[in-house]
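Undergrad: Handing you a structure now.
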Amino acid sequence: MLLYRYIAFLTSVLSLIFVILTPDVSLAQMQFDEPVDDGGPLISGKAQRASTSRWPATRIFNSDIGGCTTTLVGPRAILTAAHCVENGTGAEMKHRGSWVTVTTCSHHPKYDGANSWDYALCELAEDIHNVPFEVINTSRSYPREGHELALLGYGCISDPKDPAVTFSNTNRALYGGIAPVVARFTDTTTYIKTTGESGGCFGDSGGAAYIQFSNGRREIVGVMSRALVASEGVFVGDTYISTTSHIDFVTWSEDWVDATSAAICGISLDAKGCRS
């Protein structure tokens, strides 16, 4: 996972995308040239291989749009970014070496293809067992400016020997990093912003951002959505996260649970198998 810069020879190929999306580039998976399977230390915001045993609910997500990241938040419920999948369509999720069918994904009704309501809740065709499902935090108290968030994703990564080069994570290894919150959401946006050397890269879309508490507990506070890119196609380290702490997310997710009967940890009172 986790940025920092683009490969020079890809800039011309992707120039049209940067023209359309700059300064906020969506983080859906794009094809690069070769993988790098390493990273720097996690401390101070460097990307590092993340343990799938420590983060067992983080999964690879594929749709007709491309490859992203998703998180199991219930036995039959996953959370990802709306721009990763067409509204009302299905997809697939990698689980223990096999692909699980995602029957239907629903966008937040305020998402228009570009704004900060970049959430999708998806229903699985079968229940997942023996996985501690991540809990969604809906408190407006989190995260505040200065809080450090853990970012998790299966996206592209930096070459540890040359931070000016970014490669596709074609082997889809899980990476993580730490980044501080520098701006909270407002009345007109659900975005919170983090900055630093760790941030979202193509393929990290839909990956969760976590607040980590002193007692070891952690909870999801948002979904990675977009990254800030300079005019020359260089990531500058800012990541935009659609926060679950917004009332629009809470009311919509409650309605989704009522419609699907698929429990969500942190939303449903009867949710089972949630991480404690």
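The values are calculated or read from the model by the stated rules, or taken from the named source; none is laboratory data. Just so we're clear, the structure is a prediction, and the values are computed from it rather than from any experiment. Because the Cβ atoms are built from the backbone with ideal geometry, glycine has one as well, and the counts that use them run over all protein chains shown. Note: areas computed on protein heavy atoms with side chains; ligands, DNA, RNA excluded. Shrake-Rupley method; radii C 1.70, N 1.55, O 1.52, S 1.80 Å.
Undergrad: Out of the stretch 184-202, which residues are in contact with a Leu (Cβ under 9 Å, 6 or more places away or on another chain) and of a type in the set (Phe, Trp, Tyr)? So that I can check it myself, show each step before the final result.
TA: Our first condition is that a residue be in contact with a Leu (Cβ under 9 Å, 6 or more places away or on another chain); within the stretch 184-202, this holds for 192-195, 197-202.
If the condition is that a residue be in contact with a Leu (Cβ under 9 Å, 6 or more places away or on another chain) and of a type in the set (Phe, Trp, Tyr), then Phe202 is the only one that fits.
Undergrad: Something else about it: Under the condition of being open to solvent by 30 Å² or more (accessible area, probe 1.4 Å) and in a loop (DSSP other than H, G, I, E, B), which residue from the stretch 237-266 is farthest from Trp117 (Cα to Cα)?
TA: Ser261
Undergrad: Another one. Out of the residues in the stretch 212-236 that are modelled with pLDDT of 80 or more, outside any loop (DSSP other than H, G, I, E, B) and open to solvent by 10 Å² or more (accessible area, probe 1.4 Å), state the one that is nearest to Tyr119 (Cα to Cα).
TA: Going through the stretch 212-236, the residues modelled with pLDDT of 80 or more turn out to be 212-226.
Among the residues that remain, those that are also outside any loop (DSSP other than H, G, I, E, B) are: 212, 218-226.
Next cut, open to solvent by 10 Å² or more (accessible area, probe 1.4 Å) only: 212, 218-219, 226.
On the way: Gln212: 21, Arg218: 20, Glu219: 17, Arg226: 12 Å.
Only one residue fits best here, namely Arg226.
Undergrad: Mind checking which residues of the stretch 80-110 are touching a helix residue (DSSP H, G or I) at 6+ places or on another chain (Cβ under 9 Å) and surrounded by 19 or more Cβ atoms within 10 Å (Cβ to Cβ)? Don't jump to the end; show me each part of the working.
TA: Let us first name the residues in the stretch 80-110 that are touching a helix residue (DSSP H, G or I) at 6+ places or on another chain (Cβ under 9 Å), namely 91, 104-110.
Scanning the stretch 80-110 gives Ala91, Cys105, Ser106, His107, His108.
Undergrad: Okay, moving on. Restricting the stretch 82-101 to residues that are part of a loop (DSSP other than H, G, I, E, B) and at pLDDT 95 or above, which is farthest from Gly113 (Cα to Cα)?
TA: Kept after step one, since they are part of a loop (DSSP other than H, G, I, E, B), are these residues of the stretch 82-101: 85-90, 96-97.
When the remaining residues are screened for being at pLDDT 95 or above, the result is 85-90.
On the way: Val85: 11, Glu86: 10, Asn87: 10, Gly88: 14, Thr89: 15, Gly90: 18 Å.
Among those that are part of a loop (DSSP other than H, G, I, E, B) and at pLDDT 95 or above, it is Gly90.
Undergrad: Kindly check whether there is at least one residue in the stretch 163-173 that is at pLDDT 85 or above, open to solvent by 30 Å² or more (accessible area, probe 1.4 Å) and in a strand (DSSP E or B).
TA: no
Undergrad: Let me ask something else about it. Please go through (1) aliphatic (A, V, I, L, M); (2) under 25 Å from Gly177 (Cβ atoms); (3) open to solvent by 50 Å² or more (accessible area, probe 1.4 Å) for Ala125 and return the number of the only condition it doesn't satisfy.
TA: Exception for Ala125: condition (2).
Undergrad: Then there's this: Among the residues of the stretch 185-197, which ones are in contact with a Phe, Trp or Tyr (Cβ under 9 Å, 6 or more places away or on another chain), of a type outside the set (A, V, I, L, M, F, W, C) and not in a strand (DSSP E or B)?
TA: Listed by number, the residues that qualify are Thr190, Glu197.
Every residue, every condition in (1) among the acidic types (Asp, Glu); (2) modelled with pLDDT of 95 or more; (3) more than 18 Å from Ala262 (Cα to Cα), yes or no:
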site	(1), (2), (3)
Thr80	no, yes, no
Tyr111	no, yes, yes
Ala114	no, no, yes
Ala120	no, yes, no
